[in-house]
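The values are calculated or read from the model by the stated rules, or taken from the named source; none is laboratory data. Remember, predicted model here, so these are calculated numbers, not experimental data. Ideal geometry is used to build each Cβ from the backbone, glycine not excepted, and the neighbour counts take in all protein chains shown.
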Amino acid sequence: MRDSVLPPHSGGSHIQKEYKEGEPFDWRNVHDVFTWSKSGQVNMAYECIDRHVNAGKGAHRALYYIGKGKAITYTYHELQSEVSRWANVLRRYGVGKGDYVFVFLPKHPYGYIAMLAAIRIGAVVGPLFEAFMEEAVKDRINDCEGKYLITDQSFMDRVNKEEIPSLRHIFTTDSGNDTTEISIVEEARVESSFSEVEWVDLEDGLNIHYTSGSTGKPKGIIHAHRNMIQQYQTGRWVLDLHENDVYWCTAHPGWVTGTVYGVFAPLLNGVTVVIHGGRFSAEAWYQVLEEAGVTVWYSAPTAFRMLQAEGEDLQKKFDLSSLRHILSVGEPLNPEVIYWAYETLGLRIHDTWWMTETGAQLIANVPTRTIKPGSMGRPIPGIEVSILDEEGSPLPAFETGHLAIRTSWPSIMKEVWKNKQKFNSYFPYGEDWYIAGDLAYLDEDGYVFFQGRSDDMINSSGERIGPFEVESKLIEHPAIKEAGVIGKPDDVRGEIVKAFVTINHGYDWGEELFKEVRLFVKDKLAAHAAPREIEVLEELPKTQISGKLLRRELKKREQERATFSS
Ligand code: 6R9
């Protein structure tokens, strides 16, 4: 019989010393860490890099890249120099405070340097997921009229310059043959390794991430430099980062996790950040853990499940003894995976919950607390959570309702780009409570149990996919008349994208057309958005009055079928 709770492990020395369980926590206690608390001048890139260099830690390793070819290392000092050179190039081409700079690069140190260089000169950085295809790239840059793009020459076939009229300059990391782009790597070489920091306000824009809603196009969530308070502190208490840690967050910065916990939180804590290029493979991932000597590892349930599926024999081939702390985010973490890690690695997986909009973790299993597998953990110090009913009144323990967070906290979003209405929709019961859009219940000890989304959002392998975006793309294909898209429960990916469609006259549905339509969505949007299943219907269920698609009905249909067949 497995234990229903897992005891705290021996780590977590920071939170153990600095926080007494049950006490209130004031975020202002964190301000002293930062240079701005004395100088009054703030910039995220400065606090991530220069602060450590000035404290005599310039020789400490900041980035450690394992990918194709030889490993690449940047010390904090080298990172400062390189970021400054890139910042000088950007400045020379007119990039300045408040400009939107999109970064469309693979998992490689260049991507990190590009982001930090843009932030150093006061620009707002928009990291784009490396698997985005032409339309996903175009829609996002056009939405906020981005003026600058830093990408790689090999990605340029997915950048349609003609259809992004706001773009003034495109910088690329590989000179290639096309001379219309600016080779930022080459131009940076001849720049000075010193650059002035653009001092901004705590409330000024830092990054923009697009998240999928259940209706309409993705929304641009804008965050401010003040986020560093909570990002630093959760790095310290939840990730349990200590100066000599070798830390690997497996997410690409195009997902908010890869930016906040792949770049900001670890660098604010002065640790070594491991970057691994390339796609998932169990062998390659174990290899990275061993070769880099990873101590703290932040990943997602789908990846853990895929590793589990590869079996213990493979795992045993690697020396994973450096690992001491594992965390997860993005989708429900099933208890089986926690027990798998506990039994094979001797470590618990610590689930964490947050959203693009929240800017940092809010609910987590901090190292000093008992884990209840199946629960995301409890609100972190300084955060208050409640479960509200449809009228906005708190529900008792074990009753499922809307997951609500008491406002405010340091890293809450600043705004939704040009969409006040969308921003307000997060506060339907007044400004005291932020409503996540997730359903959950609390147990008698205040542990939070996730129950699903209250809207139609799909979560496949930790990617949030808006059904509307996929539906819109599907009906652009000449064979598809109408489309309704839902998430179908899946053992490995959490959910898969399933489409119900009606077909235009003259088309024969079959394997060939299925593949063609799937590829169509994959090529235009992204691989993770392409339906893995497509089912043809006579007609789609709609609401009687407004004719709105009833995704709920499609879901029900899928559920009933699952019950009958199991
Ligand atoms: C960081 C991130 C947010 C949505 C969120 C929820 C789901 C995140 C979770 C989780 C179950 C967890 N989610 N963490 N569900 N357990 N530990 O994921 O941001 O991409 O904006 O997604 O992801 O539904 O509302 P984002």
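Just to verify a result, which residue in the range 343-381, among those that are surrounded by fewer than 18 Cβ atoms within 10 Å (Cβ to Cβ) and small (Gly, Ala, Ser), is farthest from the ligand (Cβ to nearest atom)? This residue is 346.
Kindly indicate which of 475, 480 is closer than 20 Å to residue 554 by Cα, more than 15 Å from the ligand (Cβ to nearest atom), surrounded by fewer than 17 Cβ atoms within 10 Å (Cβ to Cβ) and of a type in the set (A, V, I, L, M, F, W, C).
Values: 480 fails: surrounded by fewer than 17 Cβ atoms within 10 Å (Cβ to Cβ).
So the residue among 475, 480 that is closer than 20 Å to residue 554 by Cα, more than 15 Å from the ligand (Cβ to nearest atom), surrounded by fewer than 17 Cβ atoms within 10 Å (Cβ to Cβ) and of a type in the set (A, V, I, L, M, F, W, C) is 475.
Filter the range 389-411 down to residues that are aliphatic (A, V, I, L, M) and either touching a residue at least 60 places away in the same chain (Cβ under 8 Å) or farther than 28 Å from residue 233 by Cα (or both), then give me how many there are. Qualifying residue count for the region: 2. Can you spot a residue in the range 472-481 that is at pLDDT below 90, among the β-branched types (Val, Ile, Thr) and within 21 Å of residue 135 (Cα to Cα)? Looking through the range 472-481, at least one residue is at pLDDT below 90, among the β-branched types (Val, Ile, Thr) and within 21 Å of residue 135 (Cα to Cα). Just one of the numbered conditions (1) in a strand (DSSP E or B); (2) within 16 Å of the ligand (Cβ to nearest atom) is not true of residue 456; which one? The single condition residue 456 does not satisfy is (1). For the range 428-439, what are the residues that are more than 10 Å from the ligand (Cβ to nearest atom) and either at positive phi or of a type in the set (S, T, N, Q) (or both)? The one that is more than 10 Å from the ligand (Cβ to nearest atom) and either at positive phi or of a type in the set (S, T, N, Q) (or both): 430. So which residues in the range 29-51 are of a type outside the set (Asp, Glu) and exposed (fewer than 11 other Cβ atoms within 10 Å of the Cβ)? Listed by number, the residues that qualify are 38, 39, 40.
Considering only residues that are of a type in the set (S, T, N, Q) and surrounded by fewer than 22 Cβ atoms within 10 Å (Cβ to Cβ), which ones fall in the range 300-340?
Looking only at the range 300-340, we keep the residues that are of a type in the set (S, T, N, Q), and these are 302, 308, 315, 321-322, 328, 334.
308, 315, 321, 322, 334 - these are the residues of the range 300-340 that are of a type in the set (S, T, N, Q) and surrounded by fewer than 22 Cβ atoms within 10 Å (Cβ to Cβ).
Select, from 118, 136, 62, the only residue that is closer than 21 Å to residue 218 by Cβ, in contact (Cβ under 8 Å) with a residue 12 or more places away in the chain and touching a Leu at 6+ places or on another chain (Cβ under 6 Å).
Working: 118 fails: touching a Leu at 6+ places or on another chain (Cβ under 6 Å); 62 fails: closer than 21 Å to residue 218 by Cβ.
Only one candidate qualifies: 136.
Cβ-Cβ distances below 7 Å connect the following pairs, each with a first residue in the range 538-566 that is hydrophobic (A, V, I, L, M, F, W, C), a second residue that is modelled with pLDDT under 85, and a separation of six or more residues or different chains: 540/549; 549/542; 550/542; 550/543. Could you list all residues from the range 275-323 that are among the hydroxyl-bearing types (Ser, Thr, Tyr) and within 25 Å of residue 241 (Cβ to Cβ)? Result: 286, 295, 298, 299, 302, 321, 322. Just one of the listed residues (220, 262, 235, 258) is outside any helix (DSSP H, G or I) and either touching a residue at least 12 places away in the same chain (Cβ under 8 Å) or within 12 Å of the ligand (Cβ to nearest atom) (or both), and it is 220. Scanning the range 440-453 for residues being within 11 Å of the ligand (Cβ to nearest atom) and charged (D, E, K, R) gives a total of 1. Of all the listed residues (40, 58, 96, 67), the sole one being at positive phi and not basic (Lys, Arg) is 40.
Note on the range 502-518: residues that are modelled with pLDDT of 95 or more and of a type in the set (A, V, I, L, M, F, W, C) amount to 3. For the range 412-427, does any single residue satisfy the condition of being of a type in the set (Phe, Trp, Tyr), surrounded by 20 or more Cβ atoms within 10 Å (Cβ to Cβ) and either closer than 16 Å to residue 383 by Cα or free of Cβ contacts under 8 Å to residues at least 24 places away in the same chain (or both)? Checked the range 412-427: no residue is of a type in the set (Phe, Trp, Tyr), surrounded by 20 or more Cβ atoms within 10 Å (Cβ to Cβ) and either closer than 16 Å to residue 383 by Cα or free of Cβ contacts under 8 Å to residues at least 24 places away in the same chain (or both).
Which members of the range 139-181 meet the condition of being assigned to a strand (DSSP E or B) and either surrounded by fewer than 19 Cβ atoms within 10 Å (Cβ to Cβ) or modelled with pLDDT under 95 (or both)?
From the range 139-181, those assigned to a strand (DSSP E or B) are 148-151, 169-172; that's our starting set.
Within the range 139-181, just 169 meets the criteria.
Scanning the range 320-336 for residues that are polar (S, T, N, Q) and either within 16 Å of residue 262 (Cβ to Cβ) or within 15 Å of the ligand (Cβ to nearest atom) (or both) yields 328, 334.
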